[in-house]
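Working notes, structure below.
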Amino acid sequence: MGRNTNSGANSGFIIQGRPQEFNNMIERDGQLVRLIHAKKCSCVQNGKAELFCTFCKGKGYNLFFQKEFDIYKENSPHGLFEQREINPFYVPITKVRLVQRRLNAAQCPSNNGITNYNVESFTDTSVFLDEVENLPKRHERIEVSYSFRNSELITDENSNSNGTYKIKTIGTEYTGYHVPDVLDVHGDIIVVTRVYNVTQDYTYIISSFKKNMITLDNEGGSAPAPLSTDILEVDYEYVPVFYAVLLQVKTENAVEKWGEDVKVGDVRIVLPSYYHIDRFSIITAMTTILQTNHVIIRGSGTFDELPNFDVFEIIDNIEDEDGTVYTSSDFELQEFNNLVWIGTNKPAQGKKYSVKYSYRPSYKVYRDQSKTINLGRDGRYPIFTFARFFNKFSSKDWDKI
């Protein structure tokens, strides 16, 4: 390729951006959200899900969370304790991709100033190079590309129990002083490894978990239900909520074309740079509570799926078309939007009933058009994307996948 042979051509003053300051601005001015990724379940055929699928429970999709963040080309502190030790800023470290020393090309003309290092091992906080000579000096720039864990590990937690086979975790709760406790903002459990009842000396089998709740297997009634006075030891892993910026689009159509007209109910979302986002990602505003009411037709299963994705609370009693009233002892909310009938008093299949509830608004990324900005020598800046108000997936979402 062509090049400029003027010795001073490439020695101008370099101004570099600071991507982390943009992430800090999102943390300061954003609102708490949850990010979930969705993928089509293998049971879906011709746009329809298998009603009795054990993986998606007939919904046609499965949800998962981002467990790791990627950091690229960080000039990490090094040589603080021993010369071959590097201490990246973000912890706990889960993977090390590349470690390089970057010097002026004139200092190392044979390799254009770049030295690649082999990694011997790493811990949660440190990376150790497999070298004895030519190690980087403390004043020299190195570039470390690595991953760190997004989830939090909780061990031996005495979670809340009430004499049922459902327990509510404590460590998942967001405890920021400016968020009212009544909003019940919490992270989402992704792994449960142990539930041990110290008082009754019993280790439970895990039936399921979702959001901040763990459901225990009653083993045909042989497992003792944990009482509110029992001491529990619960080990689990969860993904915390985080800050993002949601900008509401209020016009009928967008002034600027962006693939297609932006419709009422669409929002522009700005996420920190280390999050992944793609089509069918779901962003839920955790501190916004809205109310609605719907008429539902009773299905054939044990639960009916409410129209909004993340239902916060059932308001008042439920009444069917015959005037029969159902109280909170007849139903409960499970997972994100399942209205589960727990007793014998429930509407017959095909019967219409009215339910009023509150919910957290959710938005779905509907096109593969997220925008990333890589400036300042490949610095990773926040991600911009449009998302559309989301209730639930339909067969049209999966017919082309």
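The values are calculated or read from the model by the stated rules, or taken from the named source; none is laboratory data. Computed from a predicted structure; not experimentally measured. When we count neighbours, we look across all protein chains shown, and the Cβ atoms used for this are built from the backbone with ideal geometry, even at glycine.
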Of 201, 181, 188, the only residue that is within 29 Å of residue 360 (Cα to Cα) and without any contact (Cβ under 8 Å) to a residue 24 or more places away in the chain is 181
Please enumerate the residues belonging to region 204-226 that are among the β-branched types (Val, Ile, Thr) and either within 16 Å of residue 153 (Cα to Cα) or without any contact (Cβ under 8 Å) to a residue 24 or more places away in the chain (or both).
205, 206, 214
Could you tell me how many of the residues in region 23-48 are under 21 Å from residue 176 (Cβ atoms) and either in contact with a helix residue (DSSP H, G or I) (Cβ under 7 Å, 6 or more places away or on another chain) or not aliphatic (A, V, I, L, M) (or both)?
8
Please state which one of 132, 99, 91 is within 30 Å of residue 213 (Cβ to Cβ) and of a type in the set (A, V, I, L, M).
91
Of the residues 65, 128, which is over 30 Å from residue 224 (Cα atoms), in contact (Cβ under 8 Å) with a residue 24 or more places away in the chain and surrounded by 16 or more Cβ atoms within 10 Å (Cβ to Cβ)?
65
Report yes if residue 196 is farther than 26 Å from residue 284 by Cβ and either at pLDDT 95 or above or not acidic (Asp, Glu) (or both), otherwise no.
yes
I'd like to check which strands (runs of 3 or more DSSP E) are fully inside region 214-288 and have at least 1 residues that are modelled with pLDDT under 90.
242-248, 266-271
So residue 41 clears everything in (1) surrounded by 17 or more Cβ atoms within 10 Å (Cβ to Cβ); (2) touching a residue at least 60 places away in the same chain (Cβ under 8 Å); (3) closer than 19 Å to residue 190 by Cα; (4) touching a Lys or Arg at 6+ places or on another chain (Cβ under 8 Å) except one condition, right? Which one?
(2)
All but one of (1) aromatic (Phe, Trp, Tyr); (2) farther than 25 Å from residue 211 by Cα; (3) part of a loop (DSSP other than H, G, I, E, B) hold for residue 72, so report the exception by its number.
(3)
Here's a check for you: in region 175-205, which residue that is loosely packed, with under 15 Cβ neighbours inside 10 Å and of a type in the set (A, V, I, L, M) is nearest to residue 67 (Cα to Cα)?
191
As an exercise: evaluate residue 384 against (1) surrounded by 16 or more Cβ atoms within 10 Å (Cβ to Cβ); (2) modelled with pLDDT of 95 or more and give the number of the one condition it does not meet.
(2)
In the set 378, 397, the lone residue that is modelled with pLDDT under 90, touching a Gly at 6+ places or on another chain (Cβ under 9 Å) and acidic (Asp, Glu) is 397
Please list, ordered by first then second residue, the pairs with beta carbon atoms under 6 Å, 6 or more apart or interchain, first in region 314-338 and assigned by TED's automatic domain parsing to the domain that holds residue 304 and under 30 Å from residue 61 (Cα atoms), second of a type outside the set (A, V, I, L, M, F, W, C) and surrounded by fewer than 14 Cβ atoms within 10 Å (Cβ to Cβ).
330/343; 330/345
